[in-house]
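Enquirer: Below is the structure I would like to discuss, written out as structure tokens.
The values are calculated or read from the model by the stated rules, or taken from the named source; none is laboratory data. No experiment lies behind these values; they were computed from the predicted model shown. So basically every Cβ, Gly included, is an ideal-geometry build from the backbone, and we count neighbours across all protein chains shown. Note: accessible area is taken over every heavy atom of the protein model, side chains too, but ligands, DNA and RNA are not part of it. Shrake-Rupley method; radii C 1.70, N 1.55, O 1.52, S 1.80 Å.
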Amino acid sequence: MIKGIQLHGWADGPQMVEVAEIAAGSFETVWLSDQFQSRGVAVLLGAIAARTGVGVGTAVTFPFGRNPLEMASSMATLAEFMPEGRRVTMGIGTGGGLVSALMPLQNPIDRVAEFIAMCRLLWQGERIRMGDYPQICTALGLREDARASFSWTSKPDVRVLVAGAGPKVLEMAGELADGVICASNFPAHSLAAFRSGQFDAVSNLDALDRGRQRSRRGEFTRIYGVNLSVSADRDSACAAARRQATLIVSQQPPENLHRVGFEPSDYAATRAALKAGDGVDAAADLLPQEVADQLVVSGTPGDCIEALAELLGYAEDAGFTEAYIGAPVGPDPREAVELLTSQVLPELA
């Protein structure tokens, strides 16, 4: 079920490619998160694709501050590097906390829908008019009557997946995308949601099904992202998991956390520390490990095997057909990938 791994572009670029080379022996796809303040995702994906021959994808990019002409070109170019049996995936979402900290996210679902529609037509070799995409046109200052096309493309095999947890974005995903990404660090799709017995009620996957009823696209993949942190040093692995979980509990509305069993006392000190400007690391030190464990699998390889098996069982029962190992992966990406490929995945096969 586990076919991919998600890496972050915070580490040195050549090191990221080396880690991807290790991962390529066990994973079909290497995903990279996309952030304005990290290393360039298109450059890293190109280097990984050229060096390893593994499938590559964004998990995930976003429409804000991004030009879809540039993103469509990058995806189509990456497809030229794919060997038989591998493909490029454009995972796209509405933008998270690091994006919203820089700019307002206006009409996010409509923006994603326009972004997808524009990219698809460009990949098909169609000539598009900028004014047909009013929100993108306005946001980027494009000329309404301007037209663009990619005469060099030959219908590249690019899969489009939408990441999200809310009902509106999932309904849109069901209608327009080739699949959906749901990550375990979001409360509605977390281990806490499964264990609470409330997954069906809070997951919003019924909205995804409504969108599918309107879709003209046959292929549809449901991918579950398991956020994980593994290391031979349990304390370091758990600290990295708490840091990742801190970013979630600090951004999620309290009602979303409450619906899956979290109480304000579980995360109040963490949110207060961030609000006071103490920084993510200091705030993470105040988050109980048992809270982080419900959002991010962490620990030694043995710890992770048991938790992963439970979580993947729940995901498969919920209709997910594919999974990837997601951020933070571990305090040391190289060590984490080596442990995953040599000790964790063989036990789950």
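Enquirer: With respect to Trp123, determine if the residue is closer than 23 Å to Leu45 by Cα, surrounded by fewer than 18 Cβ atoms within 10 Å (Cβ to Cβ) and either within 16 Å of the chain's Cα centre (by Cα) or hydrophobic (A, V, I, L, M, F, W, C) (or both).
Expert: no
Enquirer: Still on this structure: Considering only the stretch 140-162, state which residues are modelled with pLDDT of 95 or more and surrounded by 16 or more Cβ atoms within 10 Å (Cβ to Cβ).
Expert: Leu142, Ala148, Phe150, Pro156, Val158, Arg159, Val160, Leu161, Val162
Enquirer: Out of (1) modelled with pLDDT under 95; (2) crowded, with 19+ Cβ neighbours inside 10 Å, the odd one out for Asp278 is which?
Expert: Just one mismatch for Asp278, condition (2).
Enquirer: Same structure, new question: Name the residue that is nearest to Ala349 (Cα to Cα), counting only residues in the stretch 9-29 that are open to solvent by 10 Å² or more (accessible area, probe 1.4 Å) and touching a residue at least 40 places away in the same chain (Cβ under 8 Å).
Expert: Ser26
Enquirer: Search the stretch 120-137 for residues that are among the acidic types (Asp, Glu) and pair each with any residue that is part of a loop (DSSP other than H, G, I, E, B) when their beta-carbon atoms are under 7 Å apart and the residues are at least 6 apart or on different chains.
Expert: Glu126/Ser149
Enquirer: Just to be sure I understand, how many residues within the stretch 313-337 are in a helix (DSSP H, G or I) and within 28 Å of Ala11 (Cα to Cα)? Show your work before the answer.
Expert: The initial filter retains those residues of the stretch 313-337 that are in a helix (DSSP H, G or I), namely 313-317, 333-337.
Add one more test, that the residue is within 28 Å of Ala11 (Cα to Cα), and what stays is 333-337.
The number of residues fulfilling the criteria is 5.
Enquirer: Considering Asp285, Asp266, which residue is of a type outside the set (Phe, Trp, Tyr), closer than 26 Å to Ser100 by Cα, over 23 Å from the mean Cα position of the chain (by Cα) and open to solvent by 60 Å² or more (accessible area, probe 1.4 Å)? Give the steps one after another, and end with the answer.
Expert: Details: Asp266 fails: open to solvent by 60 Å² or more (accessible area, probe 1.4 Å).
Just a single option satisfies the conditions, and that option is Asp285.
Enquirer: Next question. Is it the case that the stretch 98-114 has a residue that's open to solvent by less than 30 Å² (accessible area, probe 1.4 Å), of a type outside the set (Lys, Arg), in contact with a Lys or Arg (Cβ under 9 Å, 6 or more places away or on another chain) and within 27 Å of Gln6 (Cβ to Cβ)?
Expert: No, every residue in the stretch 98-114 fails to be open to solvent by less than 30 Å² (accessible area, probe 1.4 Å), of a type outside the set (Lys, Arg), in contact with a Lys or Arg (Cβ under 9 Å, 6 or more places away or on another chain) and within 27 Å of Gln6 (Cβ to Cβ).
Enquirer: Same structure again: Could you please let me know if Glu84 is of a type in the set (Asp, Glu), open to solvent by 10 Å² or more (accessible area, probe 1.4 Å) and either within 19 Å of Ile325 (Cβ to Cβ) or part of a loop (DSSP other than H, G, I, E, B) (or both)?
Expert: yes
Enquirer: Here is a follow-up. Name every residue in the stretch 214-245 that is open to solvent by 10 Å² or more (accessible area, probe 1.4 Å), among the aliphatic types (A, V, I, L, M), within 25 Å of Lys3 (Cα to Cα) and not in a loop (DSSP other than H, G, I, E, B), in order of residue number.
Expert: Within the stretch 214-245, just Ala240 meets the criteria.
Enquirer: Could you check the stretch 94-120 and list, in sequence order, the residues that are within 20 Å of Glu70 (Cβ to Cβ) and in a loop (DSSP other than H, G, I, E, B)?
Expert: Listed by number, the residues that qualify are Thr94, Gly95, Leu102, Met103, Leu105.
Enquirer: Here's another thing I want to ask about it. Return the total of residues in the stretch 281-308 being assigned to a helix (DSSP H, G or I), charged (D, E, K, R), in contact with a helix residue (DSSP H, G or I) (Cβ under 9 Å, 6 or more places away or on another chain) and under 21 Å from Leu340 (Cβ atoms).
Expert: 1
Enquirer: Can you tell me which residue within the stretch 175-201, out of those that are in contact with a Lys or Arg (Cβ under 7 Å, 6 or more places away or on another chain) and surrounded by fewer than 24 Cβ atoms within 10 Å (Cβ to Cβ), is farthest from Glu306 (Cα to Cα)?
Expert: If we take residues in the stretch 175-201 being in contact with a Lys or Arg (Cβ under 7 Å, 6 or more places away or on another chain) and surrounded by fewer than 24 Cβ atoms within 10 Å (Cβ to Cβ), then Glu175 is farthest from Glu306 (Cα to Cα).
Enquirer: Mind counting the residues in the stretch 142-191 that are in a strand (DSSP E or B) and within 18 Å of Gln213 (Cβ to Cβ)?
Expert: Here is the first cut: in the stretch 142-191, the residues in a strand (DSSP E or B) are 147-148, 158-163, 179-183.
Add one more test, that the residue is within 18 Å of Gln213 (Cβ to Cβ), and what stays is 162, 179-180.
The number of residues fulfilling the criteria is 3.
Enquirer: Go through the stretch 68-113 and give me each residue that's charged (D, E, K, R), free of Cβ contacts under 8 Å to residues at least 60 places away in the same chain and in contact with an Asp or Glu (Cβ under 9 Å, 6 or more places away or on another chain).
Expert: Correct list: Arg86 only.
Enquirer: Something else: Just the residues that are buried (at least 22 other Cβ atoms within 10 Å of the Cβ) and closer than 15 Å to Glu114 by Cβ, please, taken from the stretch 56-67.
Expert: Passing the criteria: Thr61, Phe62, Pro63.
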